[in-house]
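Readers should treat all values here as calculations from the given coordinates under stated rules, not as data from a laboratory. It should be emphasised that the depicted structure is a prediction, and the values quoted were computed from it without experimental measurement. Every residue, glycine as well, gets a Cβ built from its backbone with ideal geometry; the counts of neighbours run over all protein chains shown.
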Amino acid sequence: MHLTKEEEQILNGEHGETLQKAIEILVALGDIYDADGLIPIKSAQIAGVSYKTIGDAGLEWISDLEGEVKVPAILNPAGMDLENWNEMGISKDFARKQQEIIDAYRKLGVNTKCTCTPYYLEGFDTEYGDHLAWSESSAVSYANSVIGARTNREGGPSALSAALIGKTANYGYHLDENRIPDVSITVDCELTGSDYGALGYQTGMMVGNRVPLFHLKNTPSSDELKALGASMAATGAVALYHVDGVTPETQNIRFEQPSENITIEADQIQEVYNTNSDIQNSDEIIAFGCPHCSGDELEYIAQLLDNKQVDRDVWICTSKEVADKNPQIVDRIEKSGAMVVCDTCMIVSPASENYKMMMVNSGKALNYVPGMCKIPSKFGSIKDCIREAGANNRNNKN
Ligand code: F3S
């Protein structure tokens, strides 16, 4: 792998121990994947933030680092709402450790707004062709597929290393040849809303880490594409997909049709909705926002909850910045008894373990809840989930 003179100096420790460690990680990855060198990145998104997932060892690793990131860098969701952790039922000990992790990242100049949807945030505008070092799998999928930017699925340490150096190794999805679709997916039915999460759930299991090219009957919205990519990255390891005539690379590049075609039918989409649908448990939480909700999604949920009162715990996960930009929507949602939860999510927060069952509108969460929260999960549209939350007209209740 070719290194510039300055990169050689960093590798030799002439710019301090932290940068030396950081470039060692990037060079090791570059060597493994046969990169020709390091390329500049526009931003980094760093996973490995929740104390639930990184524990004391992770906290110690981050605390030992010194220096400052060279490009805008932001964190993945933490284990709690950084302001309202008490309302989530988080213990004081967990909150203290979580705050130490956040402070350690802040010391390195990392933006401590914790989200898996950095592309909604000011300072993280991402454009076609930008090179990035992002870690969270749904953010990676969205950046590559919906925006047409270029990032590998970085681990937390490699994303932080890339942020500190301002570069990443040039391999994988940074290169044209790895962005060509290698399996075609024809969907034989009309889709709407959470159907896209169900489609991603099924497709991910079939295609693993390949690059699918979808042929759809509908034109999905950006929120629907977000749900599709998140699920595929969870049940498979899809970091890039294309939708014929919709996602930007299919409009700029003439791809050949892959030789393999898989057809997905309506009953396969329905199967996802059937998961655990017969299990009822009153100690159930309803959780939205995997990936974190956009302003449009918050508005839609608010409309469904207007003048209603829920009779079980409902979380709507989003970033603090999106919540702060939409105070009236948040207010309408919270009047129903549902809670807008920022900086965290139902998967990386330990608070969701306090329930016996979770209903979600996300294929990614459906897949992760049993392993990460140790409870069964079921799936529905946003409307199904609101119905499950027992949302009753407020006047009828009184
Ligand atoms: Fe985001 Fe948490 Fe889902 S990080 S994609 S909301 S698992």
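Observations on the model:
- In plain terms, the chain is cut at each of the trypsin sites (Lys or Arg not before Pro) found in a DSSP loop with at most 14 other Cβ atoms within 10 Å, and the longest leftover piece is 1-216.
- Across region 284-396, the mean sequence separation of Cα contacts (distance under 8 Å, 6 or more residues apart), normalised by length, yields a relative contact order of 34 percent.
- Charge dipole (debye, nearest 20) of the chain; +1 at Cβ of Lys and Arg, -1 at Cβ of Asp and Glu: 880
- Coupling constants for region 297-303 follow from the phi torsions by the Karplus curve (6.51 cos²θ - 1.76 cosθ + 1.60, θ = phi - 60°), and in residue order they are 5, 4, 4, 5, 5, 4, 4 Hz; glycine and proline get x.
- Each residue of region 212-222 is assigned a 3J(HN,Hα), and the resulting list reads x, 10, 8, 10, 10, 7, 10, 9, x, 7, 5 Hz, derived from the Karplus form 6.51 cos²θ - 1.76 cosθ + 1.60 (θ = phi - 60°), x at Gly and Pro.
- Antiparallel content of DSSP bridges confined to the chain, in %, to 5: 15
- Dipole magnitude (debye, nearest 20) for region 1-152, charges at Cβ of Lys, Arg, Asp, Glu: 400
- Note on region 128-154 and region 324-398: Cα centroid distance 27 Å, given to the nearest whole angstrom.
- Approximating the spin labels as points 7 Å out from Cα along Cα→Cβ, the residue 325-to-residue 206 distance works out to 3.5 nm.
- Here the contact order of the chain, divided by its residue count and restricted to Cα pairs under 8 Å and six or more residues apart, works out to 17 percent.
- Percent antiparallel among DSSP beta bridges (both partners in region 284-396, rounded to 5): 10
- The chain - mean residue ellipticity at 222 nm from DSSP helices (-39,500 (n - 2.57) per run, n ≥ 4, rounded to 500): -11500 deg cm²/dmol
- Estimated FRET transfer efficiency when R0 is 30 angstrom, pair residue 283-residue 96 (beta carbons, to 0.05): 0.60
- Zone of residue 103's modelled label, taken as backbone nitrogen in region 34-54 under 19 Å from a point 7 Å along Cα→Cβ: 49-52, 54
- Mean projected area in nm² (Cα convex hull; one quarter of hull surface) for the chain: 19.2
- Backbone geometry of region 330-335 corresponds, through the Karplus equation with coefficients 6.51, -1.76 and 1.60 at θ = phi - 60°, to 3J(HN,Hα) couplings of 4, 4, 4, 5, 6, 4 Hz, x marking Gly and Pro.
- For region 180-273, the dipole from Cβ point charges (+1 on Lys and Arg, -1 on Asp and Glu) about the Cα centre works out to 280 debye, to the nearest 20.
- Nonlocal amide H pairs with residue 308, under 5 Å, H built at 1.01 Å: 394
- Take the Cα of residue 34, step 7 Å toward its Cβ, do the same at residue 299, and the gap between the two points is 4.8 nm.
- Look at the dipole of region 137-202 built from charges on Cβ: of 189, 138, 199, the Cα furthest out on the positive end belongs to 138.
- Tensor-based shape of region 284-396 (alpha-carbon gyration tensor, a/c under 1.5 rounded, otherwise prolate or oblate): oblate
- Looking at region 1-55, the GluC sites (Glu not before Pro) that sit in a DSSP loop and have at most 16 other Cβ atoms within 10 Å of their own Cβ are 14.
- Loop GluC sites (Glu not before Pro), region 106-145, which have at most 16 other Cβ atoms in a 10 Å radius of their Cβ (DSSP): 122, 127
- Antiparallel DSSP beta bridges within region 210-362, percent to nearest 5: 0
- Once C-alpha pairs closer than 8 Å and six or more residues apart are averaged by separation and normalised to the residue number of region 114-273, the relative contact order reads 27 percent.
- In the structure shown, the pairs 226/356; 226/308; 70/107; 92/356; 21/364; 92/325 are assessed against 25 Å; a Cα-Cα span above that value is assigned to 226/356; 226/308; 21/364; 92/325.
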